[in-house]
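The values are calculated or read from the model by the stated rules, or taken from the named source; none is laboratory data. Since this is a predicted model, take the numbers as computed values, not measurements. Neighbour counts are summed over all protein chains in view; Cβ atoms, including those assigned to glycine, are modelled from backbone coordinates with ideal geometry. Only protein heavy atoms, including side chains, enter the accessible area calculation; ligands, DNA and RNA are left aside. Shrake-Rupley method; radii C 1.70, N 1.55, O 1.52, S 1.80 Å.
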Amino acid sequence: MQTKDFDSFFERLCEQTDISTQAQLARELGVGRAAISLVKKKGAVPPRWILDLSVRYDIDSTWLESGVGLPHPEESAEAFAGDFTRIPKVAARLSAGGGSFETGGTVESYYAFQKSWVSSKGNPANMVLMEVYGNSMEPELKAGDIVLVDQSKNNVLAGGIYAIGVEDTVMVKRVEKRPGQVVLHSDNTDYSPIFLGGDELANVRVLGQVVWVSREYQ
């Protein structure tokens, strides 16, 4: 990080504008040369100068003052956006109770995740966010939680939590595969396991594995 002294400030200003002399700077600011000399001697550039020049030349004020960031606001925004990826939140709700019939998959909104973090969980292109309803997965998942589901992870692993489609119902459960049978387990002991076998298996779809959960505390 560069120091907030006049010389480095003036160097950055000249780099991004057609100003090349201190006399030009004085004219742009509407001040006398003596004011420029005094500021240079003190070392601290007045905030009003930073603001006026940043607005006039569309320069990022933080960068102009200290050298931190990028020269232009749109470049800073693009750089920021480049570090993030958007994951859709879909209307197909995951029921942690008796199930939900809202399975249209319509995108309700998008959430931004840091690329490096979400990529450590899998391919963001395969992920969706869904809301949990019901209490059958408490205390692990609670009603209102938002879960991140990786749709590419549909091979059941022991102990994993999955979004499961059973006919028109979408649920979130721990899944156990047995010969000729699938068992859906709830963490809440008030709920009995759901045993599915025979013709029922044709209607069972593993939609993806829950890889992250977000919760708002009241």
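Quick rundown of the values:
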item	result
Any hit, region 165-179, residues being more than 24 Å from the chain's Cα centre (by Cα), open to solvent by less than 20 Å² (accessible area, probe 1.4 Å), β-branched (Val, Ile, Thr) and over 21 Å from residue 107 (Cα atoms)	yes
Filter pass, residue 12 being open to solvent by 80 Å² or more (accessible area, probe 1.4 Å) and not hydroxyl-bearing (Ser, Thr, Tyr)	no
Whichever residue in region 135-163 is among the polar types (S, T, N, Q) and under 12 Å from residue 173 (Cα atoms) and, among such residues, is surrounded by the fewest Cβ atoms within 10 Å (Cβ to Cβ)	135
Of the criteria (1) more than 28 Å from residue 86 (Cβ to Cβ); (2) open to solvent by 20 Å² or more (accessible area, probe 1.4 Å); (3) not in a loop (DSSP other than H, G, I, E, B), which one residue 196 fails	(2)
Candidate set from region 84-105 (those that are at pLDDT 70 or above and open to solvent by 50 Å² or more (accessible area, probe 1.4 Å)); member that is farthest from residue 167 (Cα to Cα)	84
Answer residue from region 39-68, given it is open to solvent by 30 Å² or more (accessible area, probe 1.4 Å) and either touching a Cys at 6+ places or on another chain (Cβ under 6 Å) or assigned to a loop (DSSP other than H, G, I, E, B) (or both) and is modelled with the highest pLDDT among those	46
